[in-house]
Amino acid sequence: MIDNLAEPYDIAGILVYRRKTRNVSLCSFINLLSLIIFKLLQLVNREMFWVVTEVCSEHNLVRRSKIIKQFIKVASKLNRESIEGQNC
């Protein structure tokens with residue numbers, strides 16, 4: 001059931017909802033939480049590998065630096081949006 005969900009935060013939402021509405025044991029709650037953390041780490045590692053692959057596959061140093069600059073811009077924008085979303 002858990003593997004069919006798209007994102008780790010989907011799993012977290014379901015887990016918190018179940019913990020509040022049903023009598024879920026603390027042990028099973030911790031086990032599922034461990035699975036969520038594992039899946040989140042897999043997602044982060046997959047995206048990190050993709051970024052490194054994109055940068056290293058470019059042999060031209062000028063284009064490589066432009067790729068790095070673009071990734072930095074995207075990360076900066078996502079960080080700003082994340083901070084703004086927390087302030088709402």
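The values are calculated or read from the model by the stated rules, or taken from the named source; none is laboratory data. Because the structure is predicted, anything quoted here is derived from the model rather than measured. Neighbour counts are summed over all protein chains in view; Cβ atoms, including those assigned to glycine, are modelled from backbone coordinates with ideal geometry.
Descriptive notes on the structure:
- Taken over region 24-81, residues that are modelled with pLDDT of 85 or more, out of contact with any helix residue (DSSP H, G or I) (no Cβ under 7 Å at 6 or more places or on another chain) and of a type in the set (A, V, I, L, M, F, W, C) amount to 15.
- Where Cys88 falls short, out of the listed (1) modelled with pLDDT under 90; (2) exposed (fewer than 10 other Cβ atoms within 10 Å of the Cβ); (3) part of a helix (DSSP H, G or I): (3)
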